[in-house]
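K.L.:
Quick one: structure below, then a few questions.
No value in this document is a laboratory result; all are computed from the given coordinates. Keep in mind that this is a model prediction, so the values were computed, not measured. Glycine gets a Cβ as well: all are built from the backbone with ideal geometry, and neighbour counts include every protein chain shown.
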Amino acid sequence: MTGFSTLLYKEVLRFWKVSFQTVGAPVLTSVLYLMIFSHVLEEHVEVFAGVSYTSFLVPGLIMMSVLQNAFANSSSSLIQSKITGNLVFVLLPPISYREFYAAYVLASVLRGAFVGLGVGLAALPFADLAPQSPLWIAAFALMGGAMLGSLGVVAGIWAEKFDQLAGFQNFLIMPLTMLSGVFYSIHSLPAFWQAVSHVNPFFYMIDGFRYGFFGQSDVSPWASLGVVVVCLVLVAGLTLNMLSRGYKLRS
């Protein structure tokens, strides 16, 4: 496991050395979202009975931060290594593609977890949070981070330039996270947009994660768990297939 542990250490150190940018900045962005939306809508919106809008908003912001930063970690690391030419030093050692995948994804999960924890701690003065089911919270956070870390590997392998990676993030990851129920319950939407939300896997990650805090959700947490597990298996399978063939890495 020396190759795996070394690569994992390298990936964790990569984002931790600039944690002011990779952890602190996303936490600040989420807190700004919280302050603005809670100030505007706190007195006008009640999504769940007995739950203030600010409290409802916090888990969504935490999970959104976890997902976006997990994706950013693996995708940015790979595209930077490809463009600077130092990816060869990762590919030359006898590290299997499974170890390669595990190291990048686990580092992404850790970065997402650090950012999510930071958002949660920063939000404590604004909202009364008493998690009811910590296991649901941990399950959705870990699987969501792993899925977005895997998508980040896919994007990093596929992209050849920074603007291609930015397009992947801006036109796929960002819309899916922003339209996943972070700021609202899908029950407040017209029927058509409710149906659209139900085909967005990010919705199930955030809704299941929120269930862990309040014991209330838009859909059954078991249904959300099933969708997330299937999506994670599919994305992980795609990523491992690309790595095993050396797609755009060894050719």
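K.L.:
R0 = 30 Å: FRET efficiency of ALA49 with MET178, Cβ-based, nearest 0.05? All intermediate terms of the calculation are to be shown ahead of the outcome.
P.N.:
Values: r = 26 Å, r/R0 = 0.86.
Step by step, r from the Cβ atoms, then E = 0.70.
K.L.:
Here's something else I'd like to know. What translational diffusion coefficient, to the nearest whole µm²/s, does region 141-243 have by Stokes-Einstein, given a Kirkwood radius computed over alpha-carbon pairs, a temperature of 25 °C and 0.890 mPa s viscosity?
P.N.:
The calculation lands on 169 µm²/s.
K.L.:
I need to check one value: relative contact order of region 150-251, counting alpha carbon pairs closer than 8 Å and at least 6 residues apart, in percent.
P.N.:
Taking the mean separation of contacting Cα pairs over the length of region 150-251, I get 30 percent.
K.L.:
I would also like to ask the following. Ratio of Rg to Rh for region 1-99, alpha carbon only, Kirkwood?
P.N.:
On the Cα set of region 1-99, Rg over Rh gives 1.18.
K.L.:
To the nearest 0.05, what FRET efficiency results for LEU234 and HIS39 with a Förster distance of 35 Å applied to their C-beta separation?
P.N.:
Between LEU234 and HIS39 the formula returns 0.30.
K.L.:
Given R₀ = 35 Å, FRET efficiency for ASN241-ASP163 by Cβ-Cβ distance, to 0.05?
P.N.:
Working: r = 26 Å, r/R0 = 0.73.
Computed FRET efficiency for ASN241 and ASP163: 0.85.
K.L.:
Give, in nm to one decimal, the length gained when the segment between GLN80 and LEU121 is fully stretched (0.36 nm per residue of separation minus the Cα-Cα distance).
P.N.:
Working: separation 41, 0.36 × 41 = 14.76 nm, distance 3.11 nm.
Here the answer is 11.7 nm.
K.L.:
A further question on this structure: Picking from ALA191, VAL47, LEU240, whose Cα lies most toward the positive end of the charge dipole for the chain (charges on Cβ: Lys, Arg +1; Asp, Glu -1)?
P.N.:
LEU240
K.L.:
From the phi angles alone, apply the Karplus equation (6.51, -1.76, 1.60; θ = phi - 60°) to region 139-151 and give each ³J(HN,Hα) in whole Hz, x where the residue is Gly or Pro.
P.N.:
Computed from phi, the couplings for region 139-151 are 4, 6, 5, 5, 5, x, x, 5, 5, 6, x, 5, 4 Hz.
K.L.:
Would you mind estimating how fast the chain diffuses translationally, via Stokes-Einstein at 20 °C and 1.002 mPa s with the Kirkwood radius over Cα pairs, in µm²/s?
P.N.:
Diffusion coefficient, whole number: 115 µm²/s.
K.L.:
With each label point set 7 Å from Cα along the Cα-Cβ vector, what nm distance links GLN132 and GLN194?
P.N.:
2.1 nm
K.L.:
Just want the ordering: LYS17, LYS82, LYS248, from fewest to most Cβ atoms lying within 10 Å of their own Cβ.
P.N.:
On the way: LYS17 10, LYS82 18, LYS248 14.
Ordered by Cβ neighbours within 10 Å, fewest first: LYS17, LYS248, LYS82.
K.L.:
How big is the equivalent ellipsoid of region 74-171 along its three axes, where each semi-axis is √(5λ) from the Cα gyration tensor, reported in whole Å from largest to smallest?
P.N.:
With the √(5λ) rule applied to region 74-171, the semi-axes are 31, 16, 11 Å.
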